[in-house]
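K.L.:
This structure is in structure tokens; I'll ask about it shortly.
The values are calculated or read from the model by the stated rules, or taken from the named source; none is laboratory data. What you are looking at is a predicted structure, and each value in this text was computed from that prediction instead of being measured. Cβ sites come from the backbone with ideal geometry, for glycine too, and all protein chains shown count toward neighbours.
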Amino acid sequence: MKNYVKFGLLITAVLGTLAWLAVGGISETKTYYKTIAELNQLGDHAKANRLRVGGDIAPHSIVRNGGDVTFIMAQDQLRLTVVYNGIDPLPDTFKDGAQALADGKLGPDGVFHATKIQAKCASKYESAPPVTRNPAVRTS
């Protein structure tokens, strides 16, 4: 009987540790998606959480300075300065006019400090135009 109690305590400790690690990992890695307008409305609350912000890369705004890349993300008339200093290389589709998602935190200076960037070129992923057939041409 004593062996069963020891075994039960050991299993409880292992499961409790795994649950604690899972809950801690989820709370540290969760990211909220926000638009630039929603980010401006959050105020100081935006500086406390990891966020994902989406928008278009403003033309001629990409500046590479050593390992850092600074650019302006625009949405409607709103603009957000983003500084990327992550370890991953930027995607090939990261260029002026592309849609981008930046993961990171908003700094006290109002600059968004990104650790991950995703970008897509809108024209590259558009659907193909519909095929029209000429009724005068017959196929056998």
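K.L.:
Tell me which residues, restricted to the range 44-72, are closer than 21 Å to ASP88 by Cβ, of a type in the set (Gly, Ala, Ser) and outside any strand (DSSP E or B).
P.N.:
Listed by number, the residues that qualify are SER61, GLY66, GLY67.
K.L.:
Can you report the number of residues in the range 88-140 which are surrounded by 10 or more Cβ atoms within 10 Å (Cβ to Cβ), modelled with pLDDT under 90 and among the aromatic types (Phe, Trp, Tyr)?
P.N.:
Qualifying residue count for the region: 1.
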